[in-house]
Amino acid sequence: MQARQKHHLTRWASVLLVTLGLVACDKPTEPAKSTASPAAAVDTFTVLATSDLKDAQPLEKMVEDATGVKLRFKFGGTMESTEAVQTGQANTDAAWFANAKYLLSDPQGQGRVKLQEKIMLSPVVVGVSESQAKVLGWDQPEVARKVTWNVIAKAAQSGQLKYALSNPATSNQGFMSLMGVVASAAQKSEALTASDVDRAAIAGFIKGYKLVGDNSSYLSEKFIEQQNTRVNAFINYESWLLSLNQSGKLKEKLTLIYPHEGVATADYPLMLLNDAKREQYLKVVAYLKGDAAQTWLAKTTLRRPVNSEVAKAQASLFPQDSMLVELPFSTDRALADGLINAYLNEFRTPIASTFVLDVSGSMNQGGRRQQLVEALQYIAGDDASLTGRIARLTSREKVWMLPFSEQVYSPVFFQLPGVGKGAATGKGLATQADSEGKQKVLGQVRDFADSLNMTGGTALYDAVLTALVNMHEERQKNPGYQYSVVAFTDGEVNKGRDMAQFKAAYANLPEDVRAIPVFMVLFGEANEAALKELVATTGGRVFDARKASLYSVFKDIRAYQ
């Protein structure tokens, strides 16, 4: 074994031992034996879990059967869940995230967490289509082992790597990928600060970012559709990429690359928030770290066990010749917050979207108009919270507001100014206040929202078709934007084209209009089945605003743009 490789393996082993050491100090490693029968469970132990953990939901029954604790998950996005815990608004007994380092780098977050235990492991790696890996020479193990984040960024910049990745502003894997590039370009992995950020390296890496989304399920669906046409790589957790390789749904399997200077490993800490439920928490942790649950997690979800005996027994499930060096997480909040802010406003492909707005007469009922106005004002507001920054209109963004009722009205266009030349060069990050020009445009968007009048019927399909034609024409003129349509309606279509006529008209549009997704917002009495049929035709997703505030749904959509 080469000395460097041995050193790396030793470091990874140290990380694992530290993880296991925490187990030994604080908690039993064997499943707790409940003295009560499952039927005696009288209360519920609630857990706020990030959406990437939905595949672990069968644990609810397993835990209850084994311990009597009635475990129930409530799922949410990474950033909104982090913010909920940080502000004391989680309203659950515990939280379970892929990674809690951002939360725990803040004193407020530290104060919310009473206990924490790592449950399983999965590193963030790069999955490359086998044919493209061969082109890059990464199909050879001796070459693949030396691929760094810097090499990956250069492949992205040159157009050889076109990848799917969860939004770095809202997901752990997206954010940690940016951190990998920062560490590689700075040639140091520890004590990183905002001044270490090589802006050109980040800008180059982002050039390969072709498929945006907020969760792995959506991205996987789109990656399968677009593999080797729009994208040839997928950056995600090892567990997710191994599952895709096993699914049989890919056009070709992915070669997994473990960046040479280090990977960021999700360690899935289960965090106690409600100290009154400590006894239930300890039972759940003991079960999750026991042989039965660890074996099930390894075999079913392909996440690596933290139980050393189970890890040895299930080692064949995971690649054996990959060096797993842990990339240290910087606790510098100026670096984390500055990187997210710069990604949104400077580095990312700028957003261009048409907001299709139902202003029919039914919007005058039940405060619906006010909800729509508030949602538009929210994305044009100055909310500085974690989720508020993500939802907000960003620098360089183009927006067309397209109201419709029984007819489609003329679009109203807004463009936010950029941050100036040279933003993607040099070193360092700094918080930038809104320019006077940006504040002016945001104010115009808020005024527009205030001016909306509601009357008439609902010609949704005509409006969506108009928006798609508009986005396609703009895309031909300015391809350097990320185009999408956001359509909102509260009722069934009763004017203009019907679904069959819409499909016929859509089929006559140029082929590349299919690269423009439609994000539909379901509200009021809107026909859910019809909206899903529309999205199945155009690509995109339906968001349900019947049980959540409209502004929170608009915020969710922003992570997909």
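The values are calculated or read from the model by the stated rules, or taken from the named source; none is laboratory data. Not measured: the values here are computed from a predicted model. Cβ placement follows ideal geometry from the backbone for every residue including glycine, while neighbour counts extend to all protein chains displayed. The protein model used for the area step is the full one, side chains on, heavy atoms only, and it has no ligands, DNA or RNA in it. Shrake-Rupley method; radii C 1.70, N 1.55, O 1.52, S 1.80 Å.
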query = Does segment 159-171 include one or more residues that are open to solvent by 10 Å² or more (accessible area, probe 1.4 Å), farther than 19 Å from residue 208 by Cβ and of a type in the set (Gly, Ala, Ser)?
reply = no
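Being touching a strand residue (DSSP E or B) at 6+ places or on another chain (Cβ under 6 Å) and either of a type outside the set (S, T, N, Q) or surrounded by fewer than 22 Cβ atoms within 10 Å (Cβ to Cβ) (or both) is the filter here; which residues of segment 475-503 pass it? Talk me through it step by step, then tell me what you get.
First pass over segment 475-503, keeping only residues touching a strand residue (DSSP E or B) at 6+ places or on another chain (Cβ under 6 Å): 475, 481-490.
Answer for segment 475-503, where residues must be touching a strand residue (DSSP E or B) at 6+ places or on another chain (Cβ under 6 Å) and either of a type outside the set (S, T, N, Q) or surrounded by fewer than 22 Cβ atoms within 10 Å (Cβ to Cβ) (or both): 475, 481, 482, 483, 485, 486, 487, 488, 490.
Return a yes/no flag: does segment 427-440 have any residue that is assigned to a helix (DSSP H, G or I), open to solvent by less than 20 Å² (accessible area, probe 1.4 Å) and among the basic types (Lys, Arg).
Of the residues in segment 427-440, the ones assigned to a helix (DSSP H, G or I) are 436-440.
Okay, now just the ones that are also open to solvent by less than 20 Å² (accessible area, probe 1.4 Å), so 438.
Narrowing further to those that are among the basic types (Lys, Arg): 438.
Yes, segment 427-440 has at least one match.
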remark   = All-but-one check, residue 108 against (1) of a type in the set (S, T, N, Q); (2) in contact (Cβ under 8 Å) with a residue 40 or more places away in the chain; (3) open to solvent by 10 Å² or more (accessible area, probe 1.4 Å); (4) part of a helix (DSSP H, G or I), failing number (2)
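Restricting the search to segment 504-536, which residues are open to solvent by 40 Å² or more (accessible area, probe 1.4 Å) and either in contact (Cβ under 8 Å) with a residue 24 or more places away in the chain or small (Gly, Ala, Ser) (or both)? So that I can check it myself, show each step before the final result.
Taking segment 504-536 as the starting set, the residues that turn out to be open to solvent by 40 Å² or more (accessible area, probe 1.4 Å) are 504, 507-508, 510-512, 514, 525, 527-529, 532-533, 536.
Scanning segment 504-536 gives 504, 507, 510, 512, 514, 525, 527, 529, 533, 536.
Between 352, 313, which is under 30 Å from residue 290 (Cβ atoms) and either in contact (Cβ under 8 Å) with a residue 12 or more places away in the chain or open to solvent by 20 Å² or more (accessible area, probe 1.4 Å) (or both)?
Details: 352 fails: under 30 Å from residue 290 (Cβ atoms).
Selected residue: 313, the only one of 352, 313 that is under 30 Å from residue 290 (Cβ atoms) and either in contact (Cβ under 8 Å) with a residue 12 or more places away in the chain or open to solvent by 20 Å² or more (accessible area, probe 1.4 Å) (or both).
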task = For segment 380-399, indicate whether the set of residues that are modelled with pLDDT of 95 or more and either assigned to a loop (DSSP other than H, G, I, E, B) or open to solvent by 10 Å² or more (accessible area, probe 1.4 Å) (or both) is non-empty.
result = yes
message = Of the conditions (1) modelled with pLDDT of 90 or more; (2) among the hydrophobic types (A, V, I, L, M, F, W, C); (3) surrounded by 23 or more Cβ atoms within 10 Å (Cβ to Cβ); (4) not in a strand (DSSP E or B), residue 234 satisfies every one except a single condition; which number is it?
response = (4)
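Take the residues in segment 542-561 that are among the basic types (Lys, Arg) and outside any loop (DSSP other than H, G, I, E, B), then tell me which one is modelled with the highest pLDDT.
My answer is 558.
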task = Output the residue which, of all residues in segment 540-551 that are out of contact with any Lys or Arg (no Cβ under 6 Å at 6 or more places or on another chain) and open to solvent by 20 Å² or more (accessible area, probe 1.4 Å), is nearest to residue 502 (Cα to Cα).
result = 541
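Output the residues belonging to segment 77-105 that are outside any loop (DSSP other than H, G, I, E, B) and of a type in the set (Gly, Ala, Ser).
Of segment 77-105, the ones outside any loop (DSSP other than H, G, I, E, B) are 78-86, 94-96, 101-104.
Those that are outside any loop (DSSP other than H, G, I, E, B) and of a type in the set (Gly, Ala, Ser): 81, 84, 94, 95.
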